[in-house]
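Q: Take a look at this one; I'll ask things after.
The values are calculated or read from the model by the stated rules, or taken from the named source; none is laboratory data. Values in this document were obtained by computation on a predicted structure and should not be read as measured data. Every residue, glycine as well, gets a Cβ built from its backbone with ideal geometry; the counts of neighbours run over all protein chains shown. Surface accessibility is based on the protein's heavy atoms, side chains included, excluding ligands, DNA and RNA. Shrake-Rupley method; radii C 1.70, N 1.55, O 1.52, S 1.80 Å.
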Amino acid sequence: RNVRPSWCDTAETSSRFSLYEYVQRKHWNVGFLNYYELKQIPNFLLACPVLSLGIMAAYCWIGTSWSRYLWTRNGKDGNKARKSSYLVALMKWAIFALGESEKVKSDTIESERNVQEGDTPSVKIGRALNAPYMLVDYAILTGFCMVGATVAHVQVSTRLICSSCPAFYWFLASLCFACRDTMVRRVKIYLIVFNILGIILHPNFLPWT
């Protein structure tokens, strides 16, 4: 006999029904924090380095932009901004960051390298890789990190971020210029090990992203 699919009732009562969303929720367990189970700990460990680096990248870009905002507003004495409400300052910074992101000129990178006097070349290059016109790229990276950590299957964060977010690689490059050799060595070891294991495991249909 004919069996009526369970999703038919939902489709008839909801004007915004999505069959794909229904399949994801029912059969793939996709949903907000649905993946937070003890059995998924290995997948979280797999995605943890990429998610951590992505969050660090967003944090560093915001910190660089915030410092630039204080420096632009008050010169080298950024403490004056503390006199105003933190919420007001945060809103003004958001407007400032959006405005700066639209200023794409041929000399932007060079100007970013010289924002502050006395910086070493490595710091200047690191700041250039976190330039204001990269706001959209870092925002996309942040969004993918949030989706991967809270909604999607966390293990897909590796291929989702590594294949779609150039800001992730810009941040790794800035680490190579701005951080100590120990940190750079750890990042290189992680990338080499991750790629080697991926080449071996993924083609053999073993758990990998």
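Q: Which ones in region 29-39 are exposed (fewer than 12 other Cβ atoms within 10 Å of the Cβ) and more than 20 Å from the chain's Cα centre (by Cα)?
A: So in region 29-39, the residues exposed (fewer than 12 other Cβ atoms within 10 Å of the Cβ) come out as 32-33, 37-39.
Correct list: GLU37, LEU38, LYS39.
Q: When region 137-177 is examined, which residues are found to be closer than 20 Å to TYR20 by Cα, surrounded by fewer than 19 Cβ atoms within 10 Å (Cβ to Cβ) and without any contact (Cβ under 8 Å) to a residue 40 or more places away in the chain?
A: Passing the criteria: only VAL147.
Q: Tell me which residues, restricted to region 14-28, are open to solvent by 40 Å² or more (accessible area, probe 1.4 Å) and not small (Gly, Ala, Ser).
A: ARG16, PHE17, LEU19, TYR20, GLU21, VAL23, GLN24, ARG25, LYS26, HIS27, TRP28, listed by residue number.
Q: Looking only at residues that are without any contact (Cβ under 8 Å) to a residue 60 or more places away in the chain and open to solvent by 70 Å² or more (accessible area, probe 1.4 Å) in region 40-54, which one is farthest from ARG159 (Cα to Cα)?
A: ILE41
Q: Residue by residue through region 13-54, note down the ones that are over 25 Å from PHE194 (Cα atoms) and in a helix (DSSP H, G or I).
A: Of everything in region 13-54, those that are over 25 Å from PHE194 (Cα atoms) and in a helix (DSSP H, G or I) turn out to be THR13, LEU19, TYR20, GLU21, TYR22, VAL23, GLN24, ARG25, LYS26, HIS27.
Q: Can you list residue pairs whose Cβ atoms sit under 9 Å apart, with the first residue in region 55-70 being part of a helix (DSSP H, G or I) and at pLDDT below 85 and the second being among the charged types (D, E, K, R) and surrounded by fewer than 19 Cβ atoms within 10 Å (Cβ to Cβ)? Count only pairs 6 or more apart in sequence or on different chains.
A: ARG68/GLU100; TYR69/LYS92; TYR69/GLU100; LEU70/ASP77; LEU70/LYS80
Q: Could you pull out every one of the helices (runs of 4 or more DSSP H) wholly within region 142-209 that has 3 or more residues that are basic (Lys, Arg) and either in contact with a helix residue (DSSP H, G or I) (Cβ under 7 Å, 6 or more places away or on another chain) or modelled with pLDDT under 90 (or both)?
A: Filter on region 142-209 gives 181-201.
Q: Restrict the check to region 111-129 and report whether at least one residue is of a type outside the set (D, E, K, R), at pLDDT below 80 and under 16 Å from the mean Cα position of the chain (by Cα).
A: Looking for residues that are of a type outside the set (D, E, K, R), at pLDDT below 80 and under 16 Å from the mean Cα position of the chain (by Cα), one finds at least one in region 111-129, hence yes.
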